[in-house]
Amino acid sequence: MSSPAQTASAAGQRTFFGNRSLTQGGPRLTGEHAFQAVCLAALGLPLLVLLVLFADAFRDALPRLTWDFLTSYPSRRPEAAGILAALAGSAYLMVLTAVIAIPLGVGAAIYLEEYARPSRLTALIEVNISNLAGVPSIIYGLLGLELFVRAMQLGRSLLAGAATLALLLLPMVIMASREALRTVPHSLREASYALGADRWQGLRRVVLPMCMPGILTGIILSLARAIGETAPLITIGALTYVAFAPNSIYSAFTALPIQIFNWVSRPQTDFHVNAAAGIVVLLGLMLALNGVAIWLRNRLQKRIYW
Amino acid sequence: MPGSKAKSHPELEQPRAFKERIIGWVLLLCGLVSVVTTAGIVAVLLTETWGFFREVSLEQFLADTQWTPLFAEKHFGIWPLMAGTMLTTATAVVVAVPLGLLSAIYLSEFAADRVRRLLKPVLEILAGVPTVVYGYFALTFVTPLLQALIPGLAGFNALSPGIVMGVMIVPVIASLSEDAVFAVPASLREGSYALGAGKLATIFRVILPSAFSGIAASVILGLSRAIGETMIVAIAAGQQPRLTLDPRVPIETMTAYIVQVSLGDTPTGTLEYRTIFAVGMTLFLMTFCLNLVSHRLRQHILRGGLQ
């Protein structure tokens, strides 16, 4: 039994947002319902596609998802081929990319949020960041090929690949870090200055610890995207057949998405099964990274009260 | 100088120590990396494209209807690659615009708050799936499915990657359109209801026209994403540059061509090698213009273009 006040407010709301029985007949209500159903279907369709995609990859992958698959090098025989080289390459790539992209990205974000005054230079940096976010990833590959592989003579190495991916991620890391920095109230900065801290001390001891979960979440989500990037690595010439794990940052390498692409583009359908198994591993890694990001955000943000 | 800044902090009045200044410079350098990156992209594309156009005339590039730089008889007409790109992009947009727009309307006008908060991140997963995975899906699932429906559909075609790409860019269009729809002032809705309009009339006659520039921005951004998308088309569209508008036959897009050459062993510095930069330049200019238009349209909304 609801209270009279609740009933009244519910009725009032319904009248306000079109209690059609007063003004219109049934047909329009049906039309609206039909339209709502169409909208819901439009939203549901892509999600259904996503579900089918996951299910399809899993079903195709099932026969090859063994421990051997994870611990074998690629082979000309599909049933003996594995993804060890690709996994190792992706792992190295991830760490190197993070090492390059995090200081640059967080540094740029701190500059823009905390140090920059409105000027032509600041405006130029801002415009560049938003432009770079829209540049197709394959163009970064062309940049990496000329700049890192040829001009800096790094060759088709892990370092060249990581540097290319780092540039690609930079706009994302900067934007996420700026968002996080903006969540810290100004009163905290002012309080730290009032206690005699200079700007850098205030940043390092007060502001950064406060927004670290936000920054980390942004970084992990960007890295999750980087792990699936294929086009720029192919353009800089990452090898598609590598039967060894990289042993230095100057080694040639392959990565998980490149290995998948290599298997998909072969005519023999036996290799497609390998591609599916690689895809399941890749999706698993991505979901794990996303999970870590969500967990981190929930765990670390709960403790902050102001 | 202090006081000229919009957000004035008391720290501006503090004497700035030497250390502070060094830190400021280092952080500025981090920020400048983005400027250097843009300059690098433009410089790399311009130098190599310059080398390309010293050997191939602009007329050959724009007037020829064949693209065969890797064959003995070389032709450098960009149009077959352009046609392939347009074909997959058009398919993607035809799929993504209705799905994205209707999703946006559902999320902002019909869905309960809790439902919206649940559905939006799920929708975002679509954009986060690696494109190589979408390529596999287009080739091994969507193409066979479509072949059962459409007789004469080749194993590599423009249709199937286009459709899959469309699904991939739904979140781009849905999320930006939702922002635009959400930004329509409540007074307009209320005015419409006060005049006796129902929800449908309000959506179609008031909300969508008011949000038009934002919706256009989202569509243009989706277009730009589709043009620059690489792996789906490289896997499922084939590698046969041809000047056709038939989505059932194998084609090649600009991005797929770059991948094809990168995988081969074309020696650096040759004309064949430079073609990928000429194609890259074309791609960069196209997406850059689209992004610029989309950005302008969005700024228009932010500045209160609705009123």
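Determine the shape class of the range A:103-177: with a ≥ b ≥ c the square roots of the Cα gyration tensor eigenvalues, call it rounded for a/c under 1.5, and otherwise prolate if a/b is greater than b/c, oblate otherwise. Walk me through the intermediate numbers first.
Working: a/c = 2.34, a/b = 2.07, b/c = 1.13.
Judged from the Cα gyration tensor, the range A:103-177 comes out prolate (a/c at least 1.5, a/b above b/c).
Semi-axes of the range A:33-73's equivalent ellipsoid from the Cα gyration tensor, sqrt of 5 times each eigenvalue, largest first, rounded to whole Å?
Largest first, the range A:33-73 gives 38, 7, 5 Å.
How much mean residue ellipticity at 222 nm does chain B get from its helices, if each DSSP H run of length 4 or more adds -39500 (n - 2.57) and you divide by all residues, to the nearest 500 deg cm²/dmol? List each step's numbers first, then the result.
Numbers: 12 runs with 199 residues, N = 307.
Helices in chain B give a 222 nm mean residue ellipticity of -21500 deg cm²/dmol.
For chain A, what is the calculated [θ] at 222 nm in deg cm²/dmol (nearest 500), taking -39500 (n - 2.57) for each run of four or more DSSP H residues and dividing by its residue count? Provide the component values of the computation, followed by the final result.
Numbers: 14 runs with 212 residues, N = 306.
Estimated from H runs of four or more residues: -22500 deg cm²/dmol.
Could you state how much accessible area B:K120 has, in square angstrom rounded to the nearest 10, with a 1.4 Å probe and all protein chains kept in place?
Its heavy atoms expose roughly 60 Å² to the probe.
Where the centre of each part is set by its Cα atoms, how far does the range A:225-302 sit from the range B:113-167, in angstrom?
19
So for the range A:75-218, Kirkwood radius off the Cα pairs, Stokes-Einstein at 10 °C and 1.306 mPa s: how many µm² s⁻¹?
On the way: Rh = 17.5 Å.
The calculation lands on 91 µm²/s.
Simple spin-label model, 7 Å along Cα-to-Cβ: A:N298 to B:T65 in nm?
Between A:N298 and B:T65, the simple spin-label model gives 6.0 nm.
Viscosity 0.890 mPa s, temperature 25 °C: give me the Stokes-Einstein translational D for the range B:118-208 in µm²/s, with Rh taken as the Kirkwood radius over C-alpha pairs. Don't jump to the answer; show the numbers that get you there.
On the way: Rh = 16.1 Å.
Approximately 153 µm²/s, per Stokes-Einstein.
Please report the relative contact order for chain A, taking Cα pairs under 8 Å with a sequence separation of at least 6, and give it as a percent rounded to a whole number. All intermediate terms of the calculation are to be shown ahead of the outcome.
On the way: 348 pairs, mean separation 75.5, N = 306.
It rounds to 25 percent for chain A.
Inverting the mean 1/r over all pairs of different Cα atoms, compute the Kirkwood radius of chain B and quote it in Å. Display every interim value, and only then the final one.
Details: mean 1/r = 0.0445 Å⁻¹.
Final number for the Kirkwood radius of chain B is 22.5 Å.
With viscosity set to 1.306 mPa s and temperature to 10 °C, compute the Stokes-Einstein D of the range A:161-306, Rh being the Kirkwood radius across alpha carbon pairs; µm²/s, no decimals.
Details: Rh = 18.1 Å.
Rounded, D is 88 µm²/s.
Which whole-percent values make up P(r) of the range B:131-184 when all C-alpha to C-alpha distances are grouped in 10 Å steps starting at zero?
23, 38, 21, 14, 3
With every protein chain left in place and a probe of 1.4 Å, what is the accessible surface of A:Y111, to the nearest 10 Å²?
Result for A:Y111: roughly 30 Å² accessible.
How long are the semi-axes of the equivalent ellipsoid of the range B:147-285, defined as square roots of 5 times the Cα gyration tensor eigenvalues? Whole Å, largest first. Intermediate results must be reported in sequence, preceding the final value.
Details: eigenvalues 357, 75, 20 Å².
Calculated on Cα positions only, the semi-axes equal 42, 19, 10 Å.
If you only keep lysine pairs separated by 8 or more in sequence, or across chains, how many in the protein assembly as shown come under 25 Å at the Cα atoms? Please list the in-between numbers first.
Numbers: A:K302/B:K120; B:K5/B:K19; B:K7/B:K19; B:K120/B:K199.
Lysine pairs meeting both conditions in the protein assembly as shown amount to 4.
Using a Gaussian network model of chain A with C-alpha springs under 10 Å, which one of A:A160, A:A116, A:A277 is most mobile by mean-square fluctuation?
With Cα springs under 10 Å in chain A, the top fluctuation among A:A160, A:A116, A:A277 is at A:A116.
Counting only other chains, what is the mean number of Cβ atoms within 10 angstrom of the Cβ of each residue in peptide A:290-296?
Values: counts 4, 0, 0, 0, 1, 0, 0.
Mean partner shielding for this stretch: 1.
Pop a pseudo-label 7 angstrom from the Cα along the beta-carbon direction at both B:E73 and B:E190 and give the gap in nm to one decimal.
7.3
Rolling a 1.4 Å sphere over the protein heavy atoms, what is the accessible area per residue of the range A:138-287, to the nearest Å²?
34
Just grab the label-to-label distance for A:V99 and A:R59, each label 7 Å out from Cα along the Cβ direction, in nm (one decimal).
My value for the distance between the label points is 4.4 nm.
Taking the Cβ-Cβ separation of B:T270 and B:A39 as r and a Förster radius of 35 Å, what is the calculated FRET efficiency to the nearest 0.05?
For R0 = 35 Å, the calculated efficiency reads 0.85.
Hey, with R₀ at 35 Å, roughly what FRET efficiency would A:L124 and B:K120 work out to, going by the Cβ-Cβ distance, to 0.05? Present the calculation step by step, with values, prior to reporting the outcome.
Working: r = 33 Å, r/R0 = 0.94.
With a Förster radius of 35 Å, E is 0.60.
Convex hull over the alpha-carbon atoms of the protein assembly as shown: what's its volume per residue in Å³? Intermediate values should be presented prior to the final figure.
Values: hull volume 129.1 nm³, N = 613.
Output value, Cα hull per residue: 211 Å³.
The values are calculated or read from the model by the stated rules, or taken from the named source; none is laboratory data. Since the structure is predicted, the reported quantities are computational estimates derived from the model, not experimental observations. So basically every Cβ, Gly included, is an ideal-geometry build from the backbone, and we count neighbours across all protein chains shown. These area figures cover heavy atoms from the full protein model, side chains too; ligands, DNA and RNA do not enter into them. Shrake-Rupley method; radii C 1.70, N 1.55, O 1.52, S 1.80 Å.
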